[in-house]
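The block underneath contains the structure these notes are about, expressed in structure tokens.
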Amino acid sequence: MAYLCASLKNIYIEKDRKLMKTYSAKPSEIEKKWWVIDATDIVLGRLAAEASMILRGKHKPQFSPNIDCGDNIIVINAEKVHLTGNKIEDKKYYWHTGFPGGIKETNVKRLFSGKHPERVVKKAIERMISRNPLGRQQMTKLHVYSGSEHPHEAQKPVILDLASKNKKNKKSDAA
């Protein structure tokens with residue numbers, strides 16, 4: 001009889017307890033914003049970390065890892081980004097042509113002096129996003145331009161000032 005009363009007591013306690021539900025955002029509930037980041041004298045890795053966080057949507061309280069809840073980002077002045085240390089000479093990008101012995105390499109200095117200096121910023125951000133279909137969908141919301149002009153004025157983007165967030169984000173004057 002004591003065992004029966006104890007189990008009935010547990011049943012009543014379980015009924016009174018409210019269960020917490022995990023919130024999962026639905027695609028229709030997500031608001032997409034547009035952000036503009038001026039990359040002039042901003043450290044490349046810090047710019048890429050902040051941009052990838054916004055692309056994924058981790059800055060929003062309704063973040064869900066399986067839903068694309070990130071915002072659109074426009075990066076301007078990508079050729080004026082700052083690399084710390086001797087990375088402008090030492091950092092190398094590798095790719096393979098697909099043929100035997102077809103490994104190729106280039107450094108950042110050569111990329112900055114070439115036709116597409118914005119690829120340095122795009123690659124840095126791309127390597128911080130997960131490599132799966134959701135990551136590829138999130139990367140379509142990244143727009144990088146080497147100049148200060150961009151064709152997205154109609155979206156009314158909000159300016160994101162990374163230099164004022166942390167003094168380490170901007171190139172120091174001593175260097």
Check your understanding: If each residue's Cβ is checked for other Cβ atoms within 10 Å, how do Phe112, Phe63, Phe99 rank with the fewest at the top?
Key -> Phe99, Phe63, Phe112
Exercise for review: May I ask for the net charge around Ile129, where only other residues with Cβ less than 14 Å from the Cβ of Ile129 are counted and Lys, Arg are +1 while Asp, Glu are -1?
Suggested key: +4
Point to revise | Burial ordering of Lys91, Lys168, fewest other beta-carbon atoms within 10 Å first | key: Lys168, Lys91
Check your understanding: Lys92: which lysines have alpha carbons under 19 Å from its alpha carbon, excluding same-chain residues fewer than 8 sequence positions away?
Key -> Lys80, Lys104, Lys109, Lys115, Lys122, Lys123
Review point. Local charge sum around His59 (other residues, Cβ-Cβ under 11 Å, Lys/Arg +1, Asp/Glu -1)?
Key: +2
Review point. Any idea how far apart Lys165 and Glu149 come out in nm if each label point goes 7 Å out from Cα toward Cβ?
Key: 2.9
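A 31 angstrom limit on the alpha carbon distance is what I want to check against. Which of Lys60/Lys168; Lys58/Lys170; Lys141/Lys168; Lys87/Lys165; Lys33/Lys91 exceed it? Please list the in-between numbers first.
Details: Lys60/Lys168 24 Å; Lys58/Lys170 23 Å; Lys141/Lys168 26 Å; Lys87/Lys165 24 Å; Lys33/Lys91 33 Å.
In this structure, Lys33/Lys91 lie more than 31 Å apart at Cα.
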Revision key, fill the gap. With +1 at each Lys and Arg Cβ and -1 at each Asp and Glu Cβ, the charge dipole magnitude of region 33-166 around its Cα centre, to the nearest 20 debye, comes out at 440
Revision key, fill the gap. Distance in nm between Ile67 and Asp173 label points, each 7 Å along Cα→Cβ, equals 4.7
Exercise for review: Of the DSSP beta bridges with both residues in region 33-166, give the percent that are antiparallel, rounding to the nearest 5.
Suggested key: 30
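Need one number: convex hull volume per residue for the chain, Cα atoms only, in Å³. Could you put the intermediate results ahead of the total?
Details: hull volume 41.5 nm³, N = 175.
Each residue corresponds to 237 Å³ of Cα convex hull volume.
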Check your understanding: Using r as the Cβ-Cβ distance of His59 and Ser113, and R0 as 45 Å, what FRET efficiency do you calculate, to the nearest 0.05?
Key -> 0.85
Check your understanding: Distance from the Cα centre of region 84-126 to that of region 142-175, in angstrom?
Key -> 22
Review point. Say a paramagnetic label sat at a point 7 Å from the Cα of Arg131, along Cα to Cβ; which residues of region 87-114 have their backbone N under 13 Å from it?
Key: 94-96
Study note, to complete from the structure: Placing +1 on each Lys and Arg Cβ and -1 on each Asp and Glu Cβ in region 33-166, then taking the dipole about the Cα centre, the residue among Leu134, Gly102, Ala163 whose Cα reaches farthest towards the positive end is Gly102
Review point. Taking region 19-99, which GluC sites (Glu not before Pro) meet the DSSP loop condition and have no more than 13 other C-beta atoms within 10 Å?
Key: Glu31
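A short reminder: the numbers here are calculations on the coordinates, not readings from a lab. As the structure is a prediction and not an experimental result, all values here were calculated from the model. Because the Cβ atoms are built from the backbone with ideal geometry, glycine has one as well, and the counts that use them run over all protein chains shown.
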